[in-house]
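Below you'll find the structure, written out as structure tokens, and then a few comments.
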Amino acid sequence: MSREILIAIGVAYYFITIIILNVVLKTMDTKEKNRYRKKLDTLERDKNLIMSASLIAELNKVEPLIKNENMKEVLNGFQDRFNKLKEEDISKITDSLIEAEELFSKGDLKSLRKVIPTIELDIYYGKVKSNNLLLDIKEITLSEEKNRAVITRLKSNYRDILTKYKTHTSEYTLISDPLELQFENVDKLFKTFEIAMEAGSYQEVPKIVKGLDDLIGNLSLVSDEAPLIISMGKNVLPKKIEDVLKVSKKMEKDGYNLDYLKIGYNIDETSKKITDIFQRLNVLNIEDSLLELRTITDYFDSIMDALEKEVKARKNFSSNVQSILLKISKLTKINDTLLKKLKDIKYAYDLDDSEVEVVNEIKEELASYRGEYDDMIEESRAKSASYTHLEKEMELLRVKVSRTEEKLNLALQTLGSLKEDEKRAREQLEEMKEILNNTKLEVRSYKLPFIPNIYYVELSEAFEGIANIISELEKTPMSIKILNTRVDTARDLVLKVNQYAREMVKSAKMAEATIIYGNRYRPINQELASGLLKAEREFNKGDYKKSLESAIQAVSILEPNVYDKLLEDYK
């Protein structure tokens, strides 16, 4: 390809690129202009909505309602705000939109971009002013309709209150004067409302309606709660207080200490609280009165419960007094007896102080418990503590005495077991002597050709173990720990030699029986005869177990089950 052609292609690409870029830029510019066009149209529409038709319509409704100078001033105020909104705010926004249109026509989108946020903010403030003005105007134009509806409801509630009062006049005797005075105030306010509505004093009407709502709302509460407050304060609580005083005074005469309940102080405080409640009721203030009276009622109910518990506590205390004293005295006597024998026990069984320290601990604990018991009895006699308190203390003492009783029983069991161990050691000694004697008799009962030396060694060890037990039993003081060790060791040795002797005699008997049984086959089987001969040699050497194995092996040549047969015969 020639150089000229390449240059021509390059120039063509260049121009095509320029054309494409121009098309793209023009398209983008057109889109941005369309976007700002829509934005300006929207701002124009929003500006026109600031002065809404409803605002103008409501403003026109005010003029017929003017019946006094105050309302005339209100209307003038509305008109001034409307004119200011129209002539200042709307005009400013209109000028700004004209400026924006000029910038758009010139294609100065950069400057237009800066102006638009300011216009949006001005429109927002215009809408806020327009809405506030509309709400203030409606407060006047809708005043009669709205307030009439509220007054109708209040009158209905008020009639219900009056009906309830007149039907149950006797329940409101204490507050009839302030109630009737309040009824007069409500009637006056209803009349004042009508006068204000007639005069067009729409600014005063909401205050009157609010006053009526508050008064009638409070009267409703008073009519509902006052009878109950009066009944509780004049009848229920005085009766409860009287019952508490009557019961508490009788109990105090009977020796009960009720100082911890502070009955007198709480009755005085209750009287002050009831007086305060009725003073507030007299001005029709019943805030929290029922709650306070119910709290006081619950308190006196709890006082009666506490008095009942006090009576039960006295019975429980009285019933436990003797049993606790008897238990402490009994345990003290047992422990003192143990203490007297403690020296002999320590010496007899070689015990150190740490092993018998528990007995002294028990003595101190029991002395402490007796002191606590005496203190409680003294408090009871001096009436210096409530029986509820004394019952709890006595119960705690009972628990502590029971724990010490368990400790004493364990100590008695532990120390008593020392004597039992000695007794058991002597009994086992006799048993072991008898076992050894039977062992020797069993060995002698069968004339063995030879007794292995191991039998005599184990027999000697068993006799030595028994001698050690006898030696320990004769010692003064005696160590139970060592004695128990000696007994265990000797018992193992005795049982060991006994077991060996029984196995030895059993093997010898069965070996001899097997050899005799096999002799019938000697002439007919040389291998069997050789086996029996081997068994006889081992038998005479005293190896009875091996002799039995050889004899059985030999006879089994002709009788495979000979061992089971011989064993059955032996049993």
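The values are calculated or read from the model by the stated rules, or taken from the named source; none is laboratory data. Everything numeric in this text was worked out from a predicted model, so none of it was measured. Here the Cβ is made from the backbone with ideal geometry for all residues, glycine too, and neighbour counts use every protein chain on show.
From the list Arg113, Arg45, Arg81, which one is within 15 Å of Leu133 (Cα to Cα) and either among the acidic types (Asp, Glu) or at pLDDT 75 or above (or both)? That would be Arg81, the only listed residue that is within 15 Å of Leu133 (Cα to Cα) and either among the acidic types (Asp, Glu) or at pLDDT 75 or above (or both).
Yes or no, residue by residue, for (1) surrounded by fewer than 19 Cβ atoms within 10 Å (Cβ to Cβ); (2) under 50 Å from the mean Cα position of the chain (by Cα):
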site	(1), (2)
Thr169	yes, no
Asp177	yes, no
Glu180	yes, no
Glu184	yes, no
Val205	no, no
Leu212	no, no
Ala226	no, yes
Lys234	yes, yes
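Looking only at residues that are among the polar types (S, T, N, Q) and over 17 Å from Tyr500 (Cα atoms) in segment 420-471, which one is surrounded by the fewest Cβ atoms within 10 Å (Cβ to Cβ)? Among those residues, the one meeting the criterion is Ser471.
So that you can scan it fast, the table gives a plain yes or no per residue for (1) assigned to a helix (DSSP H, G or I); (2) crowded, with 18+ Cβ neighbours inside 10 Å; (3) modelled with pLDDT of 85 or more; (4) at positive phi:
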{"site": "Ala535", "(1), (2), (3), (4)": "yes, yes, yes, no"}
{"site": "Phe539", "(1), (2), (3), (4)": "yes, yes, yes, no"}
{"site": "Gln553", "(1), (2), (3), (4)": "yes, no, yes, no"}
{"site": "Pro560", "(1), (2), (3), (4)": "no, no, no, no"}
{"site": "Tyr563", "(1), (2), (3), (4)": "yes, yes, no, no"}
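The combined condition, being of a type in the set (Asp, Glu) and surrounded by 14 or more Cβ atoms within 10 Å (Cβ to Cβ), is not fulfilled by Glu287.
In this structure, is Leu133 within 60 Å of the chain's Cα centre (by Cα), surrounded by 18 or more Cβ atoms within 10 Å (Cβ to Cβ) and not small (Gly, Ala, Ser)?
When the stated conditions are applied, Leu133 passes them.
For segment 502-509, the criterion of being without any contact (Cβ under 8 Å) to a residue 60 or more places away in the chain, under 30 Å from Ile435 (Cβ atoms) and assigned by TED's automatic domain parsing to the domain that holds Ile557 is satisfied by at least one residue.
Going by the structure shown, is Ile435 assigned by TED's automatic domain parsing to the domain that holds Ser547 and either of a type outside the set (Ser, Thr, Tyr) or without any contact (Cβ under 8 Å) to a residue 40 or more places away in the chain (or both)? Spelling it out, it is not the case that Ile435 is assigned by TED's automatic domain parsing to the domain that holds Ser547 and either of a type outside the set (Ser, Thr, Tyr) or without any contact (Cβ under 8 Å) to a residue 40 or more places away in the chain (or both). The set of residues in segment 256-280 that are surrounded by fewer than 14 Cβ atoms within 10 Å (Cβ to Cβ) and either assigned to a helix (DSSP H, G or I) or outside the structural domain of Leu228 (by TED's automatic domain parsing) (or both) comprises Asp259, Tyr260, Gly264, Tyr265, Asp268, Glu269, Ser271, Lys272, Thr275, Asp276, Gln279. Considering segment 358-381 alone, what residues qualify as being in contact (Cβ under 8 Å) with a residue 40 or more places away in the chain, of a type in the set (D, E, K, R) and more than 16 Å from Lys327 (Cα to Cα)? Passing the criteria: only Glu361.
Assessment of segment 146-153 against the conditions (modelled with pLDDT of 85 or more and either outside the structural domain of Asp46 (by TED's automatic domain parsing) or within 30 Å of Gly77 (Cα to Cα) (or both)) yields at least one matching residue.
One residue alone among Leu215, Leu181 is touching a residue at least 12 places away in the same chain (Cβ under 8 Å) and either assigned to a helix (DSSP H, G or I) or closer than 30 Å to Leu135 by Cα (or both), and that residue is Leu215. Among the residues of segment 281-289, not a single one is in a helix (DSSP H, G or I), charged (D, E, K, R) and either modelled with pLDDT of 85 or more or in contact with a His (Cβ under 6 Å, 6 or more places away or on another chain) (or both). Check whether at least one residue in segment 476-485 is farther than 25 Å from Glu549 by Cα, more than 60 Å from the chain's Cα centre (by Cα) and surrounded by fewer than 19 Cβ atoms within 10 Å (Cβ to Cβ), and report yes or no. So far as segment 476-485 goes, yes, one or more of its residues are farther than 25 Å from Glu549 by Cα, more than 60 Å from the chain's Cα centre (by Cα) and surrounded by fewer than 19 Cβ atoms within 10 Å (Cβ to Cβ).
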